[in-house]
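Okay, structure first, notes after.
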């Protein structure tokens, strides 16, 4: 898609089922081995009552959506502001929601509202990202 085809208010939604296996892998890769994420017995005694995903795991879902699907190939992630509102539980299906708030055509940049919504519709993560989108800068082989 060309930058000029994007419009303010344009939205993208995708769902993702959070599994214990991917949280374990994320813990391994990130080095964050907090038992709240990977030990169901420990997490059962916490205020959450069960394991939760890393907050940054939720941000990684936003990053994947931006870089791979909307805007997609050609996206450079420039900044992200985020508030962690509610926990994301293992086994929960979340909705990653992106909405274009502003466009800067001369620099091919856009600001998007970024949200991860829980199954009940409440925001787990609420934020804003700034990206540059120019697939012509990338060379494919």
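Among (1) in a helix (DSSP H, G or I); (2) closer than 19 Å to residue 120 by Cβ, which single condition is residue 43 missing?
Unmet for residue 43, out of (1) in a helix (DSSP H, G or I); (2) closer than 19 Å to residue 120 by Cβ: (2).
Only one residue in 73, 57 is under 17 Å from the mean Cα position of the chain (by Cα) and modelled with pLDDT under 95. Which one? Give the derivation first.
Values: 57 fails: modelled with pLDDT under 95.
Of the residues listed, the single one that is under 17 Å from the mean Cα position of the chain (by Cα) and modelled with pLDDT under 95 is 73.
Looking only at the stretch 78-100, how many residues end up being under 17 Å from residue 6 (Cα atoms) and more than 12 Å from the chain's Cα centre (by Cα)?
Applying the first criterion (under 17 Å from residue 6 (Cα atoms)) to the stretch 78-100 yields 97-100.
Now drop any that are not more than 12 Å from the chain's Cα centre (by Cα), which leaves 99-100.
Of the residues in the stretch 78-100, 2 are under 17 Å from residue 6 (Cα atoms) and more than 12 Å from the chain's Cα centre (by Cα).
Residues in the stretch 16-35 that are loosely packed, with under 11 Cβ neighbours inside 10 Å and touching a strand residue (DSSP E or B) at 6+ places or on another chain (Cβ under 7 Å): how many? Working first, answer last.
Just the residues of the stretch 16-35 that are loosely packed, with under 11 Cβ neighbours inside 10 Å, to begin with: 17, 21, 29, 31.
Now drop any that are not touching a strand residue (DSSP E or B) at 6+ places or on another chain (Cβ under 7 Å), which leaves 17.
The number of residues fulfilling the criteria is 1.
Please state which of the following conditions residue 1 fails to meet, knowing it meets all the rest: (1) modelled with pLDDT of 95 or more; (2) outside any strand (DSSP E or B); (3) surrounded by fewer than 18 Cβ atoms within 10 Å (Cβ to Cβ).
So the condition that residue 1 fails would be (1).
Does any residue in the stretch 71-91 that is closer than 16 Å to residue 136 by Cα come within less than 9 Å, Cβ to Cβ, of a residue that is exposed (fewer than 12 other Cβ atoms within 10 Å of the Cβ) six or more places away or on a different chain, and which pairs are these?
73/138; 73/140; 74/136; 74/137; 74/138; 76/137
Could you tell me how many of the residues in the stretch 101-129 are farther than 24 Å from residue 43 by Cβ, in contact (Cβ under 8 Å) with a residue 60 or more places away in the chain and within 15 Å of the chain's Cα centre (by Cα)?
Matching residues across the stretch 101-129 total 2.
Could you go through the stretch 66-75 and let me know if any residue there is part of a helix (DSSP H, G or I), touching a strand residue (DSSP E or B) at 6+ places or on another chain (Cβ under 6 Å) and buried (at least 17 other Cβ atoms within 10 Å of the Cβ). Please lay out each step first, then the result.
Residues of the stretch 66-75 part of a helix (DSSP H, G or I): 66-68.
After this cut, where a residue has to be touching a strand residue (DSSP E or B) at 6+ places or on another chain (Cβ under 6 Å) as well, the list is 66-67.
Then keep just the ones that are buried (at least 17 other Cβ atoms within 10 Å of the Cβ); that gives 66.
Looking for residues that are part of a helix (DSSP H, G or I), touching a strand residue (DSSP E or B) at 6+ places or on another chain (Cβ under 6 Å) and buried (at least 17 other Cβ atoms within 10 Å of the Cβ), one finds at least one in the stretch 66-75, hence yes.
If I ask for residues that are in a loop (DSSP other than H, G, I, E, B) and touching a residue at least 60 places away in the same chain (Cβ under 8 Å), which ones from the stretch 9-38 would you list? Walk me through it before giving the result.
Step one: filter the stretch 9-38 for residues in a loop (DSSP other than H, G, I, E, B), giving 9-10, 18-19, 31-34.
Of everything in the stretch 9-38, those that are in a loop (DSSP other than H, G, I, E, B) and touching a residue at least 60 places away in the same chain (Cβ under 8 Å) turn out to be 9, 10, 18, 19.
Out of curiosity, is residue 9 in contact with a strand residue (DSSP E or B) (Cβ under 9 Å, 6 or more places away or on another chain), at pLDDT 95 or above, at positive phi and exposed (fewer than 13 other Cβ atoms within 10 Å of the Cβ)? Show your work before the answer.
On the way: in contact with a strand residue (DSSP E or B) (Cβ under 9 Å, 6 or more places away or on another chain): yes; at pLDDT 95 or above: yes; at positive phi: yes; exposed (fewer than 13 other Cβ atoms within 10 Å of the Cβ): yes.
Yes, satisfied.
The values are calculated or read from the model by the stated rules, or taken from the named source; none is laboratory data. None of these values were measured; they are calculated from a predicted model. In this analysis, Cβ positions are derived from the backbone assuming ideal geometry, glycine residues included, and neighbour counts consider all displayed protein chains.
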